[in-house]
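Worksheet: one structure, shown below.
The values are calculated or read from the model by the stated rules, or taken from the named source; none is laboratory data. The model shown is predicted, which means the values in this text are computed figures rather than measured ones. We place every Cβ from the backbone using ideal geometry, glycine too, and count neighbours over all the protein chains shown. What goes into the accessible areas is simple: the full protein's heavy atoms, side chains included, and nothing from ligands, DNA or RNA. Shrake-Rupley method; radii C 1.70, N 1.55, O 1.52, S 1.80 Å.
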Amino acid sequence: MENKETVFNTEIDKLIDSMDLTQEPPAKEPERQYWFMKKARQLVQEKEKELGRPLRACTVTFGCQMNSRDSEKLAGVLERIGYVETEDENADFVIYNTCTVRENANQRVYGRLGYLHSLKKKNPHMMIALCGCMMQEPQVVEKLKKSYSFVNLIFGTHNIYKFAELVVSALLSDRMVIDIWKDTDKIVEDLPVERKYPFKSGVNIMFGCNNFCSYCIVPYVRGRERSRNPRDIIREIERLVADGVVEVMLLGQNVNSYGKNLEEPMTFAQLLQEVEKIEGLTRIRFMTSHPKDLSDELIEVMKNSRKICRHIHLPLQSGSSRILKLMNRRYDKEKYLDLVRKIREAMPDISLTTDIIVGFPGETEEDFLETMDVVEKVRYDSAFTFIYSKRTGTPAAVMEDQVPEDVVKDRFDRLLKKVQEIGREMSSRDTGTVQEVLVEEQNSQDPHLVTGRLSNNLLVHFPGDVSLIGQLCKVELLECKGFYYMGRKVG
Ligand code: SAH
Ligand code: SF4
Ligand code: F3S
């Protein structure tokens, strides 16, 4: 893949080059990591000589946008230390950035580790690393130590910034290197990043979560909420824009509580206004909004903005006030519907999407019908529906009345049918209009088509060539095919 964030990475390369390996590694970050990147480079070069070919690294991401952004940071380090990026897991360094939000996320990782083991048997110097949310769970690490001893490196979410240092330890050790921290209050800036797309990028504005929804493992594996300094966020976005980015997605588990713990507190709406001022940036998205903290100020700022996209992901989880209380979501059905009404009044063209959990402990048919009722009232453009998954260590895991599997499955199917039906109708409402789209890629099935994204997050396919990628075009939406459009470029 082409080298992105080149200006920034070239600057970092110079700093790495200037490190003196005859001295002890610096104590200060990020300089310490630059030193280890230089050291790792040396080790990689030695290996290359020995094998007579370049070394390849593959980063595999599970989970949410936060993890995707973290993986770009991992890839940034691997690239700086001399690995060639590949999507093929038959590589010299493979790292899985894991997710543990639901049990099936964990199962996928174990399954694929079996496959990696078979590859490692053929390529014995292959390095296998695991990081991310799943590694923050002690029982996972125990299991890996016992049954997956071929893994070389395990670390967690809080010390990802010292990836270079950990790679050096793993390359120099013939045993499994494990480094997991319980929590951190640290945010390390100015580490390299290898972006997946040249024209758009995620930008972390905060880390961790303080909400402790009773079903959710995230606060336990991502630690306490920490907001990045607004100046660092703006500087990062300015740098991205200078490097060709036109769209950013501001990332946090609950972006609406951004800034509360800063020395000079600032609201998310205020941050958005600062981001809006950045010249050359044309689109701003954000994820995720917790309904309990979505302010009138934010609605007002969105309404008056030219850059903030017309889309809010507003996880409902359940439509039953009783279940919402058990979930510790701190809003009820009425408050949620009221919020949706306010948003729609201010921005009638807004697209709303959501997350819903089916089968939370104690959920009755009546509770479920409340969820169906909210779905019918709000009319989401799309919804991610999940079957409740018991996460050890969360309060919900020990709640009584876990709902039987067949009942959950039946509710899940009914809900899915409903959200799809409504989603189809809602998605088609712009048929015949001309909209601005950001072209993202060549269509994988038909090379004469390109695929772009509307402000409301829907995709449109239209005739065009690869030179349009990364550009904003005006496209007439000719026909809606369920959850995407076919269109025609008009400017
Ligand atoms: N911070 C975001 C959600 C992050 S997790 C928010 O509060 O909205 C993404 C989604 O996974 C959640 O919205 C929820 O719907 C789902 N999820 C989280 N824990 C789950 C569990 N134990 N079982 C099933 N789904 C879960
Ligand atoms: Fe999990 Fe709730 Fe935090 Fe979202 S807000 S990450 S659902 S605890
Ligand atoms: Fe999964 Fe961690 Fe994100 S548990 S959903 S990758 S914060």
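Computed values, structure above
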{"read-out": "Any pair with Cβ under 7 angstrom, 6 or more apart, that starts in the range 36-50 at a residue that is in contact (Cβ under 8 Å) with a residue 60 or more places away in the chain and ends at one that is open to solvent by 40 Å² or more (accessible area, probe 1.4 Å) and assigned to a helix (DSSP H, G or I)", "value": "A40/L171; L43/L171"}
{"read-out": "Subset of the range 335-377 that is in contact with a Lys or Arg (Cβ under 9 Å, 6 or more places away or on another chain) and under 12 Å from K418 (Cβ atoms) - its residue that is nearest to ligand 3 (Cβ to nearest atom)", "value": "V358"}
{"read-out": "Residue ID - surrounded by the fewest Cβ atoms within 10 Å (Cβ to Cβ), chosen from residues in the range 378-389 that are within 17 Å of Q317 (Cβ to Cβ) and more than 16 Å from ligand 3 (Cβ to nearest atom)", "value": "S382"}
{"read-out": "Unmet criterion (only one of (1) of a type outside the set (S, T, Y); (2) in contact with a strand residue (DSSP E or B) (Cβ under 6 Å, 6 or more places away or on another chain); (3) open to solvent by 80 Å² or more (accessible area, probe 1.4 Å)) for A57", "value": "(3)"}
{"read-out": "Of residues in the range 210-233 being of a type in the set (V, I, T) and over 25 Å from L271 (Cα atoms), the one nearest to ligand 1 (Cβ to nearest atom)", "value": "I217"}
{"read-out": "Meets criteria (under 25 Å from the mean Cα position of the chain (by Cα) and away from ligand 3 (no atom under 16 Å from the Cβ)) for I323", "value": "no"}
{"read-out": "Test for E225: is it over 16 Å from S201 (Cβ atoms) and over 17 Å from the mean Cα position of the chain (by Cα)", "value": "no"}
{"read-out": "Helices (runs of 4 or more DSSP H) enclosed by the range 1-87 - at least 2 residues per element that are among the charged types (D, E, K, R) and under 30 Å from T288 (Cβ atoms)", "value": "65-80"}
{"read-out": "Failed item in (1) under 24 Å from M302 (Cα atoms); (2) in a loop (DSSP other than H, G, I, E, B), with Q445 passing the rest", "value": "(1)"}
{"read-out": "Identity of the residue in the range 257-293, β-branched (V, I, T) and away from ligand 1 (no atom under 16 Å from the Cβ), that ends up surrounded by the most Cβ atoms within 10 Å (Cβ to Cβ)", "value": "V275"}
{"read-out": "Qualifying positions in the range 196-215 - small (G, A, S) and within 12 Å of the chain's Cα centre (by Cα)", "value": "S201, G202"}
{"read-out": "Check on D296, open to solvent by 30 Å² or more (accessible area, probe 1.4 Å) and within 22 Å of the chain's Cα centre (by Cα)", "value": "no"}
{"read-out": "Leading residue by the ranking (modelled with the lowest pLDDT) among those in the range 441-481 that are under 25 Å from the mean Cα position of the chain (by Cα) and either exposed (fewer than 13 other Cβ atoms within 10 Å of the Cβ) or over 24 Å from Q420 (Cα atoms) (or both)", "value": "S444"}
{"read-out": "First in the range 388-404 and at positive phi, second anywhere and open to solvent by 30 Å² or more (accessible area, probe 1.4 Å) and part of a helix (DSSP H, G or I), Cβ under 7 Å, 6 or more apart", "value": "G393/Y220"}
{"read-out": "Residue tally, condition out of contact with any helix residue (DSSP H, G or I) (no Cβ under 8 Å at 6 or more places or on another chain), in contact (Cβ under 8 Å) with a residue 24 or more places away in the chain and within 22 Å of I160 (Cα to Cα), over the range 220-251", "value": "9"}
{"read-out": "Single residue of the range 396-411 satisfying the filter (away from ligand 1 (no atom under 11 Å from the Cβ) and open to solvent by less than 90 Å² (accessible area, probe 1.4 Å)) that is farthest from R341 (Cα to Cα)", "value": "P404"}
{"read-out": "Selection from the range 255-273 of residues that are of a type outside the set (A, V, I, L, M, F, W, C) and closer than 14 Å to V203 by Cα", "value": "Y258"}
{"read-out": "Single condition T392 does not satisfy, out of (1) among the hydroxyl-bearing types (S, T, Y); (2) surrounded by fewer than 14 Cβ atoms within 10 Å (Cβ to Cβ); (3) away from ligand 3 (no atom under 16 Å from the Cβ)", "value": "(3)"}
{"read-out": "Residues within the range 328-346 that are part of a helix (DSSP H, G or I) and either in contact with a Gly (Cβ under 7 Å, 6 or more places away or on another chain) or within 13 Å of ligand 1 (Cβ to nearest atom) (or both), tallied", "value": "2"}
{"read-out": "Any chance K325 is touching a helix residue (DSSP H, G or I) at 6+ places or on another chain (Cβ under 8 Å) and part of a helix (DSSP H, G or I)", "value": "no"}
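A quick yes/no check of all residues on (1) farther than 30 Å from K14 by Cβ; (2) open to solvent by 20 Å² or more (accessible area, probe 1.4 Å); (3) of a type in the set (A, V, I, L, M, F, W, C); (4) away from ligand 1 (no atom under 16 Å from the Cβ):
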position	(1), (2), (3), (4)
M37	no, no, yes, yes
L74	no, no, yes, yes
E89	yes, yes, no, yes
N104	yes, yes, no, no
V109	yes, no, yes, yes
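A quick yes/no check of all residues on (1) touching a Ser or Thr at 6+ places or on another chain (Cβ under 7 Å); (2) within 16 Å of ligand 1 (Cβ to nearest atom); (3) part of a loop (DSSP other than H, G, I, E, B):
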{"position": "I357", "(1), (2), (3)": "yes, yes, no"}
{"position": "T371", "(1), (2), (3)": "yes, yes, no"}
{"position": "E376", "(1), (2), (3)": "no, no, no"}
{"position": "K390", "(1), (2), (3)": "no, yes, yes"}
{"position": "L415", "(1), (2), (3)": "yes, yes, no"}
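Conditions tested, residue by residue: (1) among the aliphatic types (A, V, I, L, M); (2) away from ligand 3 (no atom under 16 Å from the Cβ); (3) not in a helix (DSSP H, G or I).
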{"position": "A91", "(1), (2), (3)": "yes, yes, yes"}
{"position": "I95", "(1), (2), (3)": "yes, no, yes"}
{"position": "R108", "(1), (2), (3)": "no, no, no"}
{"position": "L116", "(1), (2), (3)": "yes, yes, no"}
{"position": "P124", "(1), (2), (3)": "no, yes, yes"}
